[in-house]
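Presented below is the structure to which this report refers.
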Amino acid sequence: MLHGGANLSFSNPAWIRSDDGITVNESPAILLTRDRNAVWHPFTQHGLGQVPLAVASASGSYLVDTDGRRYLDMISSWWVNLHGHGREELAEAVREQVLRLDHVQFAGTTHEPAVRLAEGLLERAGLTGRAKVFFSDNGSTAVEVALKIARQHWVNRGEERPLFVTLEGAYHGDTAGSMSVGRSSGFFEAFRGMMFETVSLPVPLVWNGFDNVSGENDSLGRAEELLRKSSGRIAALIAEPLVQGAGGMRFHSARFLSRLAALFRSHGIPVILDEVMTGFGRTGSFFAYQRTDFVPDLLCLSKGITGGILPLAATIASETLFGSFLGENFRTALAHGHSYTANPVSCAAALASLDLHEATRSLEQVERINRALARGLEHLALLPGILRPRTLGAVAALDLAGGEGYSSPVGRTIALRALELGLIVRPLGNVLYLMPPYCTTDGEIDNAFRILRDILSKPSQYHRTK
Ligand code: PLP
């Protein structure tokens, strides 16, 4: 057993000593045993006995395990990493900021990194002077804040509007509000009783070579009918623009989203875009909505905002929405805040990341990656059992025939085999996707596809359920 004596240092594993005086080292087996004894992992069924990868370091597009083996990180560490792992520029910014101002609560104070970041985000969004930035900690809270702003906007005007409109298959995070608007993802059955009222519209899916005009008209018809019946009860429409991520990398067209937003706007209903995944260049424009013909009333950002190294989120709200919270007393103010709101160190990382977008010409990298992904996917799609191949920006996805749904074991089998071959993927059930960091070279992408071809050309192996 480990003890808490004077020599114990939690930050340096070499100093953690067992009772019999043996130094605990970072050997993979020991780390995994300690993990099993002490840790509960996210989105993990521990009853299946899956063994986590013991990661010791990361550099560029690679993770390195405690045995020194390298793995291509083709999911950008849950979609957060943009410029590659281990960037000096981000490390320097963090170090300098910790020493200058590490943290201070953001109610009643302000500081340069937060103000500069708010200005920078508004500039990149083309919203300078037209919106305000509210900081929080992660994608779920960015959404939670947007939902609360939309809801209280109506309350402050004396209207009760309990209903949120969502898209089928949406995922917006794991807090109670974001689960409510993401309930159709199917992840949250256990929490039904704690969710508020939502209604979902069908999503006209598109993929390479398939333009779904009739699906779009059908969904827009449903939206019109809903607005005819219930527009006075609707607080907001919320959508992940162009790509629904965790729901299965489901793509829809910018044309559809523009028409849908215009419909809700024509009834004075705010539109929330959740760009937690799509923001910061992922779909080929800096923000995905910049491919549509409208600007959202509320924009949720997180994940890549710090280049993928520290937690931070921002909800950008239009001046109109901000204005409806102004008053003479606290009653109409937004009663929301977190201990680490606008943490200066996270803000400094985000500012350094904005600079890196310029220095690395990140959108050009995404364009290059898109070409490499499209090439690889085209070849892969020639294999049997591969459906709906699709690429947008630095995202490529396909569906595997058979075994629909998140709980499909097909994805797990493929992920394990890929790991053995030095590639990290995390299929969403039968949906296999690649979302590389922007520093990933064409050669690394080709390598990832070589590994996937090797696996997918033997369907009898990946369709094994045990
Ligand atoms: N919104 C979208 C579109 C997401 O993809 C995610 C996470 O995957 C979230 C919200 C939740 O973000 P977080 O995991 O940081 O709470």
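The values are calculated or read from the model by the stated rules, or taken from the named source; none is laboratory data. The structure displayed is predicted, hence computed values, not measured ones. Neighbour counts run over all protein chains shown; Cβ positions are idealised from the backbone, glycine included. We work out accessible area using only protein heavy atoms, side chains counted, and drop any ligands, DNA or RNA first. Shrake-Rupley method; radii C 1.70, N 1.55, O 1.52, S 1.80 Å.
Would you confirm whether or not the stretch 274-285 contains a residue that is assigned to a helix (DSSP H, G or I), open to solvent by 10 Å² or more (accessible area, probe 1.4 Å) and out of contact with any Cys (no Cβ under 9 Å at 6 or more places or on another chain)?
Scanning the stretch 274-285, I find no residue that is assigned to a helix (DSSP H, G or I), open to solvent by 10 Å² or more (accessible area, probe 1.4 Å) and out of contact with any Cys (no Cβ under 9 Å at 6 or more places or on another chain), so the answer is no.
Being outside any loop (DSSP other than H, G, I, E, B), in contact with a Ser or Thr (Cβ under 6 Å, 6 or more places away or on another chain), open to solvent by 30 Å² or more (accessible area, probe 1.4 Å) and of a type outside the set (F, W, Y) is the requirement here; does E123 meet it? So E123 fails the test. Pairing residues of the stretch 308-320 that are under 13 Å from L127 (Cα atoms) with residues that are among the acidic types (D, E) and more than 12 Å from the ligand (Cβ to nearest atom), at Cβ distances under 7 Å and at least 6 apart in sequence or on separate chains, gives S318/D297.
Restricting attention to the stretch 51-76 and to residues that are closer than 18 Å to H357 by Cβ and not in a loop (DSSP other than H, G, I, E, B), the residue that is farthest from the ligand (Cβ to nearest atom) turns out to be G60. Remark: G411 falls outside the filter, which requires a residue to be in contact with a strand residue (DSSP E or B) (Cβ under 6 Å, 6 or more places away or on another chain) and of a type in the set (G, A, S).
Being in a loop (DSSP other than H, G, I, E, B), in contact with a helix residue (DSSP H, G or I) (Cβ under 7 Å, 6 or more places away or on another chain) and open to solvent by less than 10 Å² (accessible area, probe 1.4 Å) is a condition met by at least one residue of the stretch 228-244.
If the condition is being touching a strand residue (DSSP E or B) at 6+ places or on another chain (Cβ under 6 Å), open to solvent by less than 60 Å² (accessible area, probe 1.4 Å) and away from the ligand (no atom under 16 Å from the Cβ), then the stretch 301-353 contributes A317, S318, A342. Among the residues here, N156 does not qualify as touching a residue at least 24 places away in the same chain (Cβ under 8 Å), surrounded by fewer than 17 Cβ atoms within 10 Å (Cβ to Cβ) and in the same structural domain as F330 (by TED's automatic domain parsing). Restricting L90, L48 to those that are away from the ligand (no atom under 16 Å from the Cβ) and modelled with pLDDT under 95 reduces the list to L48.
For first residues located in the stretch 207-229 and at pLDDT 95 or above, partners that are open to solvent by 80 Å² or more (accessible area, probe 1.4 Å) and outside any strand (DSSP E or B) and lie 6+ apart or on another chain with Cβ distances below 8 Å form the pairs E216/R255; E216/R259; L220/R259; L227/H267. Being open to solvent by less than 40 Å² (accessible area, probe 1.4 Å) and at pLDDT below 95 is a description that does not apply to S178. Scan the stretch 45-82 for residues that are surrounded by 12 or more Cβ atoms within 10 Å (Cβ to Cβ) and either at positive phi or in the same structural domain as V431 (by TED's automatic domain parsing) (or both) and the total you get is 5.
Scanning the stretch 95-116 finds no residues that are closer than 22 Å to T360 by Cα, more than 16 Å from the ligand (Cβ to nearest atom), part of a loop (DSSP other than H, G, I, E, B) and without any contact (Cβ under 8 Å) to a residue 60 or more places away in the chain. S136: open to solvent by 10 Å² or more (accessible area, probe 1.4 Å) and within 16 Å of the ligand (Cβ to nearest atom), yes or no? It is false that S136 is open to solvent by 10 Å² or more (accessible area, probe 1.4 Å) and within 16 Å of the ligand (Cβ to nearest atom).
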